[in-house]
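Just so it is clear, none of the values below were taken in a lab; they were calculated from the coordinates. Remember, it's a predicted structure, so these values are computed and weren't measured experimentally. Cβ: placed from backbone, ideal geometry, glycine included. Neighbour counts: every protein chain shown.
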């Protein structure tokens, strides 16, 4: 069963300055969100594997939408994250079923690489509920300059029987990183951590 | 100039008995401690912000202890954690990043040298802004049953010149966890991931 998609929203933010200090080149973050029908709305289902398959489809689709929005090659992507908001007819576990069992593989395939954990968040919500999609470097989770989050929402979703699924991709870390720690130039890229 | 000026501390606890499914027979408990501090760097671009990272170590330990106490005082019952920051409008995102080291390492220390990276999110927001704080297992980031998030905020804060620094802890898995994957009993590598 493929995802029943009602709507796709893509947003890109570019930060050109912070506190009057120019950010050059601007840091850029993309979020692609799909609003889908929740096949399990209104009932308790024990087997959620259908949602895991939807996670595969959306992992590929939304990651590619982010890359297209940023206009970058997969190897230019630096950090990533994922999230889901479940409408009130569903349960939190439906978000988990989309995000965790199978979504990582197509996301990493679309980016060419990405051994780090894909940070995630999930919640229940109504129309216009915002979610903060956590971000971490795709090759090394401890890169301190790339710890971040991006807030996203769809004004008319999730309806009761819907789920909003989000993937975020950036080509940069925070503007003006200056709290030390592991830098992207020091990444070994083997264990997903450093 | 004093770097640490705490204006308010809020503690939130939740007890989750069930969602739409059958009650599993145990209660998932979680707690968040949110400290509202004056942002000493508000209103200007300060290149060297590292002194505050050092100064936050003591409040980090105190907030960690408060969070453990909110869950009954026994650190051994705590299975998941996360952290976050909301920066008031006269500050910049990077000021929130100061919380990574003192917040993360305080929790890892007081929870018995927890191995997993502490997941996080951050944003710049106005009074009453909410933040989704991601949660993962304290010893292995890939434990699928423990991927979660908690939405928190302090009504009326952050004001323009404030920071809200946040820690969250949880006593177990999502209440109806059933999407498979790595279980806590299967943690074996000891690298903080699996």
**Prompt:** Can you sort B:83, A:123, A:188, B:183 so the residue with the fewest Cβ neighbours within 10 Å comes first?
**Reply:** A:188, B:183, A:123, B:83
**Request:** Specify the angular offset, from 0 to 90 degrees and rounded to the nearest 10, of the alpha carbon long axis of helix B:100-110 from the longest principal axis of the alpha carbons in chain B.
**Result:** 40
**Message:** Please state the shape class of chain B: rounded when a/c is under 1.5, otherwise prolate if a/b exceeds b/c and oblate if not, all from the C-alpha gyration tensor.
**Reply:** prolate
**Message:** Connecting C-alpha atoms closer than 10 Å in a GNM of chain A, tell me which of A:90, A:181, A:125 has the biggest fluctuation.
**Reply:** A:181
**Asked** Sorted from fewest to most neighbouring beta carbons within 10 Å, what does the list B:163, A:48 look like?
**Response** A:48, B:163
**Prompt:** Rounded to the nearest 5, what % of the DSSP beta bridges within segment B:61-194 are antiparallel ones?
**Reply:** 75
**Item:** chain B, relative contact order in percent, only Cα pairs under 8 angstrom and at least six apart counted
**Value:** 27
**Prompt:** Who wins for biggest fluctuation among A:139, A:47, A:75 in a Gaussian network model of chain A, springs between alpha carbons below 10 Å?
**Reply:** A:47
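If you rank A:40, A:147 by fewest surrounding Cβ atoms within 10 Å, what's the result?
A:40, A:147
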**Fill in**
Using alpha carbon centers only, segment A:36-73 is separated from segment B:156-194 by a whole-angstrom value of 22
**Request:** Could you let me know the centre-to-centre spacing of segment B:13-45 and segment A:122-194, using Cα atoms, in angstrom?
**Result:** 19
**Item:** Relative contact order of segment A:1-120, pairs being alpha-carbon contacts under 8 Å that are 6 or more residues apart, as %
**Value:** 28
**Complete:** Of B:72, B:103, B:172, the most mobile residue in a GNM of chain B (C-alpha springs, cutoff 10 Å) is B:72
